Each structure stands twice: as structure tokens, then as C-alpha cells.
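To start, the structure under review is shown below, and the notes come after it.
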Amino acid sequence: MIPYGRQDISQADIDAVVDVLKSDYLTQGPRIEIFENKIAKMVNAKNAIAYNSATSALHGACFALGVSSGDWVWTSAITYAASSNCALYLNAKVDFVDIDPDTINMCPKKLEEKLAEAKTKNELPKVLVVVHMAGQPCQMKEIKRVADQYGVKIIEDASHALGARFEESITGDCQYSDITIFSFHPVKIITTAEGGVATTNDSDLAQKLSLFRTHGVTREPSLLKKKDEGGWYYEQILLGYNYRMTEVHAALGEKQLDRLAEFVDIRNQRAKNYDEAFKNFPIKFFTPKENTYSSYHLYLIQLNETNKRKEAFTKLREAGIGVNVHYLPVYQHPYYQGLEYKDRFSAPNAEAYYAGAISIPLYPGLTDQDQEKVMTELKNNL
Ligand SMILES: *Cc1c(COP(=O)(O)O)cnc(C)c1O
């Protein structure tokens, strides 16, 4: 099976992991900070705080921005459920903004309309989780302008978008947001096996993000509430979790970063090949907007005839093409349908996209031969 996504591990990656296993620290050692500094520098952010997943980093981001019971948090209707679960963990309520059918990203106009309506009901969200679907950055200037108008904070869920750019802004530099989150799951742009990171330019948010991932515990003299009792002394000053990344994962991530530009470049080249081939196919595909550079985590297609999706999907899988679907609109999951305010969920563009959506193989190790096979099988089965 040619998978839809796959990690690319080099000998240097393996050596880096083995070195950690032979070293003194498997966790809470020096490599976390090395990894954090490297990624902060690469995305042009002041702070990077590594977590054991993007999911836990999203939880930390919502916490740092003060999300709590009674607050609303909004995200895009087409995303992985982690983008909204993070708010539910803090007992907030969630709602979903519909997508732009040409980008599958949150639609700035729909956002503006929804915010205007929410204001009349006194139900404005505290935080907006913006998702760069498939690696294509959202129209951040527009989104930030609208969010600022209503005093809404922004988290970028850039799980798909390490190495992407919006105009002059590198995704992760937080030029248009409070906090940005990246995921290092093996199908994402670089991997640490499991892992994530939060970037921010705000030192208070950075401090909260650091405390939250390690039980809310600190030895930092300026943060202690009571008297320092000696060299052993630490205090828990808020309720955090154990969301720490290990040295093993950080070492892998640090080495993977050396190949980030190469990974994203190959993904873009492969995507161009697909674009070219699909001009005459009965499908819709999504070329990035001119003012963006996509990291191309996924190559999405949408069948014109949605009644053929299931059949095409099954045939492609049978032909050894590891197609997938990203994503069921989050609010259609049974868990979300169990929320008492479920009747407000509405995103017709997201539902129309989902009905015809297929993700096809795209990853750095995809060979010319594999890609030819994918294109041939698509041609035969659509
Ligand atoms: C993968 C993903 C996550 C979760 O990432 P993990 O590192 O697996 O926790 C969150 N949001 C989006 C959009 C994702 O694709």
C-alpha cells in the first residue's frame, strides 16, 4: 500500500536517537531547549515550548489564554477534533466557522458574519483556533482584522503547516496570533514520533505554557509564592499536567528540522505534478492562494459527484493506494452531537466538501513511480 503520508527517517536521525539512549538524560535534559531554540529561530518566534503532542500543546494554549467554563471557543468545521477538544478539556463551549470551499480553510467572511451575530447574543468567543488545512495558510490578515474588531484571541493550529508562509510571515512567527501550535506526528511535516510545540512572542503566555506542561511546578525564584527553603525547594503554583516531551523525541525533532526546507520543497514539487495531471480529471483540487506558500501536509481532492466517493475510495484502497479522508466536520462526530447546544452547529460548505473529499498520497519519500501509479489508478477509478 502506498500510504497517504509517511515519515522520512535518515541515518542522522537514528544516530541522534541512539546518542540520547546512551546519554545521562532520557527526559528533562538539555535537548529539549536545543530543539525549542532551533524551532523558534526557524519560525522567527521569541519562544517555543515543546509538548508531548500538539493536542496537549493546544490544551496548554487554551489554558494560557484563560479559557475556562462558560467561555466560547470557535474553530474551523473541517479540522481534526483536537482543535476543539482542547477547549472542552477546560469546560468551555465550542462552535464551528464554515469553510471557504476554494481553500477548505476557515472563511473570513463567514467568520465576520458569525461574530456580528454572536455579539448581538452576547456570545462572542474568547479564542478562535485557526487551522491551516493541509498546510495552506489561512488568510491571516483578514482573520486577525476581524478577530481584533471583536477582541477575540487567536491560536493558530498549524499542525499541518510547519514550513509554510503567509505573505512575508513565516507560519509560527505569531505575527497574526497569540500562540501557534505545530504537531510532529509521523504523518506531519517533521516528526518526533509523538510531539508538538507552542510558539509565542508573549513572555507571560510562554511562562504559562511552560508551567502547564509540567504540573504547574517551578523553581524559578521570581515565581515562588512562599519563601525559598533551600536547594531542594519547588512550588506548585497552578494545576498543570505532565505534558513534557522526552530527550529522545527532542533529539529526533532537532535532526528532522535540518531537512524541513527540503521536505516542504519535495511536497510542493509532488503537488505540482498532481495539479498538472488533474487538469483534465473530473475532480476539484486546491492550489494555494498566491500570497501563501503551502507546506502541503496533504493533497486534497474533491469528487464532483459525491455519490461516487465511497466507491472510488474503496477501489483505490483495493488498488494499493492508501487514500484517506480529512475530515468529517467535527460537529458531526457522535460525541459532539451529544453536546446540549448541538443544534447551533451549521457549516454547509464543510459538509459539501466532506461528501466528496479524498486525500491522496503525498510525502517526501513518494517516488516518481509511486506517484505515476497513484495518478493512473485515479484515472481508472474516478
Ligand atoms: C495532527 C493534528 C492535531 C493533533 O496532533 P497530535 O500531535 O497528534 O496531538 C491537531 N490538529 C490538527 C489539525 C492535526 O492535524
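Computed values, structure above
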quantity: The chain: mean projected area of Cα convex hull, nm²; calculated: 19.9
quantity: Folded to 0 to 90 degrees: helix 368-381 orientation relative to the chain principal axis, Cα; calculated: 60
quantity: Gaussian network model of the chain, springs between alpha carbon atoms under 10 Å - residue of Asp71, Asp102, Asp148 with greatest fluctuation; calculated: Asp148
quantity: Anisotropy class of the stretch 1-45 from Cα gyration tensor, a/c 1.5 cut; calculated: oblate
quantity: The stretch 239-382 pair-distance distribution - Cα-Cα, 10 Å bins, rounded %; calculated: 10, 31, 29, 23, 8, 0
quantity: 3J(HN,Hα) from dihedral phi, the stretch 84-90, Karplus parametrisation 6.51/-1.76/1.60, rounded to Hz, x for glycine, proline; calculated: 10, 3, 4, 7, 5, 4, 9
quantity: Estimated [θ] at 222 nm from DSSP helical runs (n ≥ 4, -39500 (n - 2.57)) normalised by residues in the chain, nearest 500; calculated: -11000 deg cm²/dmol
quantity: Cα centre as origin, Lys/Arg/Asp/Glu Cβ charges: the stretch 280-382 dipole, Debye; calculated: 160
quantity: Asp258 versus Lys225: modelled label distance in nm, points set 7 Å from Cα along the beta carbon direction; calculated: 4.5
quantity: For the chain, size of Cβ-based charge dipole, Lys and Arg +1, Asp and Glu -1, in debye; calculated: 520
quantity: For the chain, built as a Gaussian network whose Cα springs stay under 10 Å, the top-fluctuating residue of His297, His326, His160; calculated: His326
quantity: Total charge dipole magnitude, the stretch 1-42, about the Cα centre, Cβ charges on Lys, Arg, Asp, Glu only, Debye to nearest 20; calculated: 120
quantity: Range in the chain, longest, excluding exposed GluC sites (Glu not before Pro) [loop by DSSP; at most 10 other beta-carbon atoms within 10 Å]; calculated: 1-167
quantity: DSSP-loop chymotrypsin sites (Phe, Trp or Tyr not before Pro) across the stretch 210-279, with at most 10 other Cβ within 10 angstrom; calculated: Trp232
quantity: Anisotropy class of the stretch 104-224 from Cα gyration tensor, a/c 1.5 cut; calculated: oblate
quantity: Hz values of 3J(HN,Hα) by residue in the stretch 179-187 - Karplus curve (6.51, -1.76, 1.60), Gly and Pro given as x; calculated: 9, 10, 10, 10, 10, 10, 4, x, 7
quantity: Given charges at Cβ of Lys, Arg, Asp, Glu: the stretch 1-123 dipole, positive-most of Tyr25, Cys86, Ala64; calculated: Ala64
quantity: Gap separating the Cα centres of the stretch 149-180 and the stretch 2-61, nearest whole Å; calculated: 20
quantity: Segment Asp202-Glu318, length gained on full extension (0.36 nm per residue, minus Cα span); calculated: 36.8 nm
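Every read-out reported here was derived from the displayed coordinates using simple, explicitly stated rules and does not represent laboratory data. The structure displayed is predicted, hence computed values, not measured ones. When we count neighbours, we look across all protein chains shown, and the Cβ atoms used for this are built from the backbone with ideal geometry, even at glycine.
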